[in-house]
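Single-structure report; data block below.
The values are calculated or read from the model by the stated rules, or taken from the named source; none is laboratory data. A quick note: this is a predicted structure, and the numbers were derived from the prediction, not measured. Using ideal geometry, Cβ is built from the backbone for each residue, glycine included, and neighbour counts are taken over all protein chains shown. Surface areas here come from the heavy atoms of the whole protein model, side chains and all, with no ligands, DNA or RNA. Shrake-Rupley method; radii C 1.70, N 1.55, O 1.52, S 1.80 Å.
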Amino acid sequence: MLLKERERAIFTDRDEILAALHRNADLIQQGNGANMALVGPRRIGKTMIAQRFADEIFERRSSLIPVYFNVADNLSVPSVFAIRLMASISQSFIEADGEYLESPGGIINAARLLSIAGQTREDTIIATAQKMAKEMENNRPDERLLLETALTCLETMAQKTGRKPILILDEFHSVTQFDSFPNIKETLSVVGSILSQQIDVGYIIASSNTNMVKRVVQSETSPLFDQFQIVHVPPFDQMATAEFCNKSLPEGLATPEIIARLFEFSSGNPFYLNCLTTAMRQLYREDDSDDILNRAIYDDILMQDGRIYQYCQYRVETTLAEARGKTTLRSVLLVLAEEGKQTLSEVAAQLKRTPGEVRSYLKRLADFDLIGKDERQYYIADSIIAQWIKFTILERTPEYSEYESVTQRYMDYIAEKQSKNKKESQTQ
């Protein structure tokens, strides 16, 4: 099973998405399925959906073989990446036969791959593993060939065995990091070329880089154009939030008022809900006060050991590290965190830059899904990240006794500015 026991216990909602994936899986079994792309913000639950789907396929004991592979977790030089992918394919075939294979851990080299592949009793897998191991004996193995070999064996296996693989590539956007390797250059072209020739293999890609995935599957110039159906993964609605909170909180805390406040604050984001309910359970054991939710919000978002604090810090720092113009990009985020929604000209005026220059910075931040656009106004897409920037970067983190009033003043200020901007736009 891919999902851990605790994850299975709190898994909530997503019935419609899982049903769509299973309907498509049935079509793949009949030779008429499509490839699917799960897209949505980071930590919205795409991985849990993909793993739940794979677990359910395994439980059905059908001729479908789900192969779950997290691209980001397995990033390495392309040759090692290809070996690890082939090992995951082999392991999935073993587990589909009802056998348990203990995780090997560490670096999976060619010798370990041969050992895993040998346990499948599938001639195609064994022959593919032997071919890859042979190539790895060279001082400079052909990394493009290794990647192509791992992917193309899926169709050969399906045709020879009648067992159709569904390859689930989580954090798919990370494959573009192989573009810098001269023997690969355009990874999407490698994947697209192989995928277009396969009939009996299904693909599910999942990605938190929504703009990138939409671009590569919808642009006519992309090698993946028109090869995937996009499935959006939304946050929880109020009903799903209540269901999650009732699973996660002690009965004394799962009151309608607290659930409503959690939904309003988190906007139904499963990750934030999980962090806050976990913090609330801990506080509930230690503290009998009636202020547990506020305390959990404060501790998890504004204290450095809080999970949400660390997540916000990671999101901002990794985006700035990957994008050019780090200092100016950071300044754009600070302006939007301080002022709320802003037009291009308003941001440009604050930074003393031309609108054309600022537009390029806004586009880069949008490419990383950090900011959104509402008509003519730009804003930080995640209100919790905006609040984190406000209280950990722009000004001193308030003491807990001051937190509620300081936060309320900030929210009132933002609301007042948005109301003023709306009136001004209506009079123009």
Taking the residues in region 324-347 that are touching a residue at least 60 places away in the same chain (Cβ under 8 Å) and in a helix (DSSP H, G or I) as candidates, determine which candidate is farthest from residue 409 (Cα to Cα). 334
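Can you tell me which residue among 176, 221, 187 is in contact (Cβ under 8 Å) with a residue 12 or more places away in the chain, more than 29 Å from residue 29 (Cα to Cα) and hydroxyl-bearing (Ser, Thr, Tyr)? Full working, then the answer.
Numbers: 221 fails: in contact (Cβ under 8 Å) with a residue 12 or more places away in the chain; 187 fails: more than 29 Å from residue 29 (Cα to Cα).
After ruling out the rest, the residue left standing is 176.
With 127, 87 as the choices, which residue is surrounded by fewer than 16 Cβ atoms within 10 Å (Cβ to Cβ), not acidic (Asp, Glu) and not in a loop (DSSP other than H, G, I, E, B)? Break it down stepwise before answering.
Numbers: 87 fails: surrounded by fewer than 16 Cβ atoms within 10 Å (Cβ to Cβ).
Among 127, 87, only 127 is surrounded by fewer than 16 Cβ atoms within 10 Å (Cβ to Cβ), not acidic (Asp, Glu) and not in a loop (DSSP other than H, G, I, E, B).
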Out of (1) surrounded by 18 or more Cβ atoms within 10 Å (Cβ to Cβ); (2) in a helix (DSSP H, G or I); (3) in contact with a strand residue (DSSP E or B) (Cβ under 8 Å, 6 or more places away or on another chain), what's the single condition that is false for residue 379? (2)
What are the pairs, 6+ residues apart or on separate chains, where a residue within region 40-62 that is buried (at least 18 other Cβ atoms within 10 Å of the Cβ) has its Cβ under 9 Å from a residue that is assigned to a loop (DSSP other than H, G, I, E, B) and basic (Lys, Arg)? 45/14; 48/14; 49/14; 52/14
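Being of a type in the set (A, V, I, L, M, F, W, C), more than 19 Å from the chain's Cα centre (by Cα) and open to solvent by less than 40 Å² (accessible area, probe 1.4 Å): is that true of residue 9 here? Please lay out each step first, then the result.
On the way: of a type in the set (A, V, I, L, M, F, W, C): yes; more than 19 Å from the chain's Cα centre (by Cα): yes; open to solvent by less than 40 Å² (accessible area, probe 1.4 Å): no.
For residue 9, the condition - of a type in the set (A, V, I, L, M, F, W, C), more than 19 Å from the chain's Cα centre (by Cα) and open to solvent by less than 40 Å² (accessible area, probe 1.4 Å) - is not met.
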For region 198-225, give me the residue count where each residue is among the aromatic types (Phe, Trp, Tyr), under 18 Å from residue 70 (Cα atoms) and assigned to a loop (DSSP other than H, G, I, E, B). 0
The lone condition residue 266 fails out of (1) under 30 Å from residue 291 (Cα atoms); (2) surrounded by 20 or more Cβ atoms within 10 Å (Cβ to Cβ); (3) among the small types (Gly, Ala, Ser); (4) out of contact with any helix residue (DSSP H, G or I) (no Cβ under 6 Å at 6 or more places or on another chain) is (4)
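Suppose we filter 279, 296, 321 for residues that are open to solvent by 60 Å² or more (accessible area, probe 1.4 Å), assigned to a helix (DSSP H, G or I) and either closer than 29 Å to residue 399 by Cβ or without any contact (Cβ under 8 Å) to a residue 24 or more places away in the chain (or both); which single one remains? Can you show your working first?
Numbers: 279 fails: open to solvent by 60 Å² or more (accessible area, probe 1.4 Å); 296 fails: open to solvent by 60 Å² or more (accessible area, probe 1.4 Å).
On inspection, the qualifying residue turns out to be 321.
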